């Protein structure tokens, strides 16, 4: 269960030095620090469950989703997440994992994500189509379909067969929300088709 310092100060209100009590409980491994002012009570909690608690609003996306769905071959060790908080890249590390938060456009934020709920936790995660759009949004701008293919299939190592099996109707609905050349070229590529 995620708990804040504010909640712990209330819990330990009868102690003379509540902050020292919290520190003692952290040392005893009753609470595990997530970031300043936030703790988890269960050491066995899966790191992905904590993504929304570390920064909200956010959802899991980018390389993490592309890796877990097999679209890229590399194993990704950090939870890569999208946010709209205009903080550029924000990173957290704790015993549950490494977390990286990057901005996406506000207009694109709420589309192509699913809510995952499990006992006591909930988080949002992008579809593979949305994760690909998010990743192309943050990558260097390319100027042609040829350069986009190089970026996709050589630099990012996107599995070409899996790429052509993506839901292009979903992609077509997402692309205009980003207003970026990489995404416009992605739209042209999928309209052109596999050749």
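The requirement of being in the same structural domain as residue 117 (by TED's automatic domain parsing), within 30 Å of the chain's Cα centre (by Cα) and outside any helix (DSSP H, G or I) is not satisfied by residue 53.
Residue 67 meets all of the listed conditions (1) in contact (Cβ under 8 Å) with a residue 12 or more places away in the chain; (2) assigned by TED's automatic domain parsing to the domain that holds residue 136; (3) assigned to a helix (DSSP H, G or I) but one, namely (1).
Criterion first (closer than 23 Å to residue 46 by Cβ, in the same structural domain as residue 51 (by TED's automatic domain parsing) and in contact (Cβ under 8 Å) with a residue 40 or more places away in the chain) does residue 134 satisfy it? In short, yes. Scanning region 4-55 for residues that are touching a strand residue (DSSP E or B) at 6+ places or on another chain (Cβ under 6 Å), surrounded by 15 or more Cβ atoms within 10 Å (Cβ to Cβ) and free of Cβ contacts under 8 Å to residues at least 40 places away in the same chain turns up 31, 38, 39. Residues in region 87-97 that are surrounded by fewer than 14 Cβ atoms within 10 Å (Cβ to Cβ) and closer than 19 Å to residue 41 by Cα: 2 in all. Quick check: anything in region 83-104 over 22 Å from residue 119 (Cα atoms), in contact with a strand residue (DSSP E or B) (Cβ under 6 Å, 6 or more places away or on another chain), at pLDDT 95 or above and assigned to a loop (DSSP other than H, G, I, E, B)? Yes, region 83-104 contains at least one residue that is over 22 Å from residue 119 (Cα atoms), in contact with a strand residue (DSSP E or B) (Cβ under 6 Å, 6 or more places away or on another chain), at pLDDT 95 or above and assigned to a loop (DSSP other than H, G, I, E, B). Contact map, region 159-181: residues that are not assigned by TED's automatic domain parsing to the domain that holds residue 148 paired with residues that are assigned to a helix (DSSP H, G or I) and surrounded by fewer than 16 Cβ atoms within 10 Å (Cβ to Cβ), Cβ distance under 7 Å, separation 6+ or inter-chain. No pairs are found.
Taking region 107-195 as the region of interest, the helices (runs of 4 or more DSSP H) fully inside it that hold 1 or more residues being out of contact with any helix residue (DSSP H, G or I) (no Cβ under 8 Å at 6 or more places or on another chain) and at pLDDT below 95 are 181-192.
The values are calculated or read from the model by the stated rules, or taken from the named source; none is laboratory data. Values in this document were obtained by computation on a predicted structure and should not be read as measured data. Heads up, the Cβs are rebuilt from the backbone with ideal geometry, glycines too, and the neighbour counts pull from every protein chain shown.
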